[in-house]
1. With respect to Asn114, determine if the residue is more than 20 Å from Thr22 (Cα to Cα) and either polar (S, T, N, Q) or open to solvent by less than 60 Å² (accessible area, probe 1.4 Å) (or both).
2. Give region 79-95 a look and list any residue that's of a type outside the set (A, V, I, L, M), closer than 14 Å to Lys48 by Cα and crowded, with 16+ Cβ neighbours inside 10 Å, or say none.
3. Which one is farthest from Asn29 (Cα to Cα), of the residues in region 50-78 that are crowded, with 16+ Cβ neighbours inside 10 Å and in contact with a Pro (Cβ under 9 Å, 6 or more places away or on another chain)?
4. Within region 9-65, can you find the residues that are polar (S, T, N, Q) and over 12 Å from the mean Cα position of the chain (by Cα)?
5. Can you find a residue in region 12-25 that is β-branched (Val, Ile, Thr) and without any contact (Cβ under 8 Å) to a residue 60 or more places away in the chain?
Amino acid sequence: MGLLDSFEVLPYVTGVPTMSVTKDGINFNKTVVEKLCSPAFVVVLVDKTNLKLALTPCDEKAQGARPFLRDGRSARAGVRWNNTDLKDSIQTITGWDLEDKGRKVGGRYYPEDNALIFDLTTWTPIERRSTAAD
């Protein structure tokens with residue numbers, strides 16, 4: 001019996017999983033993609049009472065399945081959704097004014113449910129740039 005026989009690989013990723021919601025769309029950083037193991041499809045769930053949004057991987061035939069990471073794409077850039085209906089729904093549920101500023105929300109991964117949950121009551125502002133990016 002070897003010294004490391006009772007050990008197993010501890011999977012981990014660097015960074016904090018975040019979702020950014022702006023008037024232009026919704027971004028999930030690479031940590032979100034990596035925590036969920038780069039799924040091609042996810043289900044978006046919302047808890048309107050407690051203002052939480054959850055992502056959980058699924059197959060393409062699952063009820064509510066939405067494309068997430070496209071085939072052949074890297075998690076490096078994260079995932080961007082330009083879905084106006086989802087953005088407007090989040091804005092309505094939370095009462096945010098995305099014309100004024102965007103919101104960055106940290107997520108927490110729950111491995112037993114393979115879900116990432118974002119608490120929409122805990123966010124930091126994303127200020128609009130005063131000059132164009134280079």
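1. Here the answer is yes, as Asn114 does meet what is asked.
2. Of everything in region 79-95, those that are of a type outside the set (A, V, I, L, M), closer than 14 Å to Lys48 by Cα and crowded, with 16+ Cβ neighbours inside 10 Å turn out to be Gln91, Thr94.
3. Here the residue is Cys58.
4. Thr14, Thr22, Thr49, Asn50, Gln63 - these are the residues of region 9-65 that are polar (S, T, N, Q) and over 12 Å from the mean Cα position of the chain (by Cα).
5. Checking region 12-25: at least one residue is β-branched (Val, Ile, Thr) and without any contact (Cβ under 8 Å) to a residue 60 or more places away in the chain.
The values are calculated or read from the model by the stated rules, or taken from the named source; none is laboratory data. Fair warning: this is a prediction, and the values are worked out from it, not measured in the lab. Methodologically, a virtual Cβ is constructed for each residue, glycine included, from the backbone with ideal geometry; neighbour enumeration extends over all protein chains shown. Side chains included, ligands, DNA and RNA excluded: accessible areas come from the protein's heavy atoms. Shrake-Rupley method; radii C 1.70, N 1.55, O 1.52, S 1.80 Å.
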